[in-house]
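Before any comments, here is the structure.
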Amino acid sequence: MANILIIDTALEEAIVALSMDGKLACELTNKETHSHASFIQVAIAKVLAEQQMAIGDLDAVAVTLGPGSYTGLRVGLATAKGIAYSLQKPLIGLSTLSALATAAIQLAPNTTQPPFQIFAMIDARRMEVFGAVYDPSCKPILQEQAMVLDQAKWNSLIHQPTLCIGNGLAKTKDFTAPHQVKYLEGHYTSQVLQDMAITKLNATQFEDLAYVGPNYLKEVYILPSK
């Protein structure tokens, strides 16, 4: 089995974790959204030191590519690419929406039986979300996209019983739905990210270091400096 460094700075809570031989050896989290940049390097050094591991002992680096915070995604990916490039190790890209969908399966009530779908959504300000819809095996029904939610859009998406998860779900609670909707309070964990990373490692699904970029899902608007 492999040693995988896992980096997630896409959303409010950042995660740096170390997977060894298919098990989570250690992890650190940071809930201060605006300090992910200062957290990440220190956290990497700490998780490696805790396991008395040199950075050269890593076999792969996994990182969330988004969607999520523009700044957070850049910070995490730049760090992951730097490590992977310097070590000449594989870079594994993970989707935050896929991770949320996987978490939804784990958080769903035992009474939830197929057929149902999972609507994973991340707040993108105003009435917009980054969202995707998945089947019970977490295969996409509706690909990741930025969408503006209103009652008509909501009705078009909820065409069977639905589990909703993510920090964008608050925007949907006033909508009526044509099918049953369950709102799941929760988030993906480092365990979810590890399992996704191991699956991709075993399938040799790696990112091209020269071309991989954050999955913003919409254009980034940067105001000119005054």
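Before moving on, here are some points about what is shown:
Results for (1) crowded, with 22+ Cβ neighbours inside 10 Å; (2) closer than 19 Å to N3 by Cα, shown as yes or no for each residue.
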position	(1), (2)
Q41	no, yes
A54	no, yes
V61	yes, yes
P67	yes, no
T71	no, no
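- In this entry, P136 passes the filter for residues that are without any contact (Cβ under 8 Å) to a residue 60 or more places away in the chain, crowded, with 16+ Cβ neighbours inside 10 Å, part of a loop (DSSP other than H, G, I, E, B) and on the phi < 0 side of the Ramachandran plot.
- All positions within region 1-35 that are of a type in the set (G, A, S) and within 28 Å of F130 (Cβ to Cβ): A10, A14, A17, S19, S35
- Test: residue in region 19-29 that is surrounded by fewer than 21 Cβ atoms within 10 Å (Cβ to Cβ), touching a strand residue (DSSP E or B) at 6+ places or on another chain (Cβ under 7 Å) and of a type in the set (D, E, K, R): yes
- Of everything listed in (1) modelled with pLDDT of 95 or more; (2) in a loop (DSSP other than H, G, I, E, B); (3) of a type outside the set (A, V, I, L, M), the single unmet condition for Q194 is (2).
- Hey, V47 crowded, with 23+ Cβ neighbours inside 10 Å and not assigned by TED's automatic domain parsing to the domain that holds N167 or not: no
- Across region 168-191, the number of residues qualifying as assigned to a loop (DSSP other than H, G, I, E, B), surrounded by 15 or more Cβ atoms within 10 Å (Cβ to Cβ) and in contact with a helix residue (DSSP H, G or I) (Cβ under 9 Å, 6 or more places away or on another chain) comes to 5.
- Residue match in region 140-148 (condition: closer than 16 Å to K182 by Cβ, of a type outside the set (F, W, Y), in the same structural domain as K173 (by TED's automatic domain parsing) and outside any helix (DSSP H, G or I)): no
- Members of region 49-84 found to be closer than 19 Å to A120 by Cβ and in contact with a Pro (Cβ under 7 Å, 6 or more places away or on another chain), listed by number: L65, G66, L73
- Across region 43-63, the number of residues qualifying as out of contact with any Phe, Trp or Tyr (no Cβ under 9 Å at 6 or more places or on another chain) and closer than 30 Å to F130 by Cα comes to 5.
- When the helices (runs of 4 or more DSSP H) confined to region 1-118 are screened for residues that are β-branched (V, I, T) and in contact (Cβ under 8 Å) with a residue 40 or more places away in the chain, those reaching at least 2 such residues are found at 70-87, 96-107.
- When residues in region 173-218 are screened for being closer than 24 Å to L91 by Cα and not small (G, A, S), 27 of them pass.
The values are calculated or read from the model by the stated rules, or taken from the named source; none is laboratory data. Note that the structure is predicted; figures quoted are calculated from it, not measured. Cβ atoms come from the backbone with ideal geometry, glycine included; neighbour counts cover every protein chain shown.
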